[in-house]
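Below is one structure, written out as structure tokens, with a few remarks after it.
The values are calculated or read from the model by the stated rules, or taken from the named source; none is laboratory data. Treat the numbers as computed from the prediction; the structure is a model and nothing was measured. Here the Cβ is made from the backbone with ideal geometry for all residues, glycine too, and neighbour counts use every protein chain on show. To get the accessible areas, we keep the full protein, side chains included, count just its heavy atoms, and leave off ligands, DNA and RNA. Shrake-Rupley method; radii C 1.70, N 1.55, O 1.52, S 1.80 Å.
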2 protein chains.
Amino acid sequence: RRRRAVLFFPSALCCTEELLAEAEGGRPSPCPCPLPRADCSFSRLLRLLLSARRSLELCLFSFSSPELGRAVAVLHRRGVRVRVVTDAQYMALRGSQIGALRMLGIQVRHDQEKGFMHHKFAIVDKKLLITGSLNWTVEAIHNNRENVVVMEDAEYVRPFLDEFERIWEEYNPD
Amino acid sequence: RRRRAVLFFPSALCCTEELLAEAEGGRPSPCPCPLPRADCSFSRLLRLLLSARRSLELCLFSFSSPELGRAVAVLHRRGVRVRVVTDAQYMALRGSQIGALRMLGIQVRHDQEKGFMHHKFAIVDKKLLITGSLNWTVEAIHNNRENVVVMEDAEYVRPFLDEFERIWEEYNPD
Ligand SMILES: [Zn+2]
Ligand SMILES: [Zn+2]
């Protein structure tokens with residue numbers, strides 16, 4: 001059955017610590033924070049990403065959320081093939097997760113163009129598309145009005161995969 | 001049959017003058033510019049908007065494209081009920097179309113919040129959703145890597161309509 005959803009932000013506050021600790025294979029010691037354990041838009045986004053088994057393509061204008069960074073690092077450690085395309089102007093900003101992900105061995109490519117690489121999409125296992133207005137930043141997740149559309153219809157996923165591969169090749173530094 | 005599409009930007013260059021002049025009810029005198037007449041992502045976006053017959057909801061972080069401004073003005077003049085929600089910080093910027101649309105009598109509401117109203121979606125006749133990463137600016141259309149997803153599936157359109165109505169009420173100045 002196809003996963004289909006629309007997530008709106010700002011996300012309600014909810015604790016994502018146990019979700020991430022469990023994905024990291026840690027002991028599920030209860031988080032002492034007072035946030036509710038119910039699902040919120042943000043935890044649903046994390047769960048969708050953590051469902052990856054083989055591949056994850058990320059095409060992101062900006063990426064500074066520590067929790068999303070942890071989720072991507074876990075996937076890489078599990079053997080999921082992670083590839084990241086990002087915008088050169090934003091990857092050097094304070095709080096960017098890009099440098100840390102590169103240090104873990106994740107492949108990252110960025111533009112050399114004058115325009116922005118303004119996409120904000122992810123493709124899980126070549127079949128689940130996660131796209132919308134949401135940059136992967138703390139501000140966007142918790143302060144902005146944003147949307148994320150989740151779909152598995154090949155009519156939509158295929159063009160985004162093709163776009164990713166086009167950009168990936170174009171940003172090849174070799 | 002459901003309209004479904006993915007549009008990528010930057011758009012190829014193509015002349016949109018005749019398309020807009022025809023929509024405005026002007027004489028279809030040929031445009032003297034040298035741009036190709038073939039469809040491009042931008043002309044496809046304009047055509048989708050111009051297909052509106054009854055209503056157009058716009059929920060846009062920034063709106064400065066003169067062509068998109070003309071398209072929205074045409075729809076208003078035709079009697080389509082146009083409602084615009086936008087971000088307060090951006091509506092005052094140079095080149096914003098918001099002031100001009102307001103002068104025509106189009107209803108505009110904006111946020112009073114500290115976060116951004118960062119959506120970029122349009123809903124045509126309550127049934128066609130146009131959403132993605134694309135802000136309605138000249139730079140985004142012609143310089144940036146952007147995506148726009150077009151869909152009529154009620155599963156996706158309905159939540160966006162609900163989100164629009166929520167924001168519309170919340171930004172009610174009265
Ligand atoms: Zn917690
Ligand atoms: Zn022309």
Options A:Asn135, A:Asn144: the member that is surrounded by 15 or more Cβ atoms within 10 Å (Cβ to Cβ), more than 14 Å from A:Leu60 (Cβ to Cβ) and within 14 Å of another protein chain (Cβ to nearest Cβ): A:Asn144
Test: residue in segment A:41-54 that is surrounded by 13 or more Cβ atoms within 10 Å (Cβ to Cβ) and either without any contact (Cβ under 8 Å) to a residue 12 or more places away in the chain or of a type in the set (Phe, Trp, Tyr) (or both): yes
Residue in segment B:1-17 that is farthest from ligand 1 (Cβ to nearest atom), counting only those that are among the aliphatic types (A, V, I, L, M) and under 20 Å from A:Pro159 (Cα atoms): B:Ala12
Subset of segment B:1-27 (residues that are open to solvent by 70 Å² or more (accessible area, probe 1.4 Å) and either within 13 Å of another protein chain (Cβ to nearest Cβ) or basic (Lys, Arg) (or both)): B:Arg1, B:Arg2, B:Arg3, B:Arg27
A:Cys59, sole failed condition from (1) open to solvent by less than 20 Å² (accessible area, probe 1.4 Å); (2) within 14 Å of chain B (Cβ to nearest Cβ); (3) over 14 Å from the mean Cα position of the chain (by Cα); (4) not aliphatic (A, V, I, L, M): (3)
Breaking point among (1) over 21 Å from A:Ser96 (Cα atoms); (2) within 12 Å of ligand 1 (Cβ to nearest atom), for A:Leu20: (1)
Residues within segment A:72-95 that are crowded, with 23+ Cβ neighbours inside 10 Å and of a type in the set (Gly, Ala, Ser), tallied: 0
Some residue of segment B:97-119 being open to solvent by 30 Å² or more (accessible area, probe 1.4 Å), modelled with pLDDT of 95 or more and within 14 Å of chain A (Cβ to nearest Cβ): yes
Residue match in segment A:28-37 (condition: open to solvent by less than 60 Å² (accessible area, probe 1.4 Å) and of a type outside the set (A, V, I, L, M, F, W, C)): no
Condition check for A:Ala122: modelled with pLDDT of 95 or more and either under 27 Å from B:Gln112 (Cβ atoms) or more than 10 Å from every other protein chain (Cβ to nearest Cβ) (or both): yes
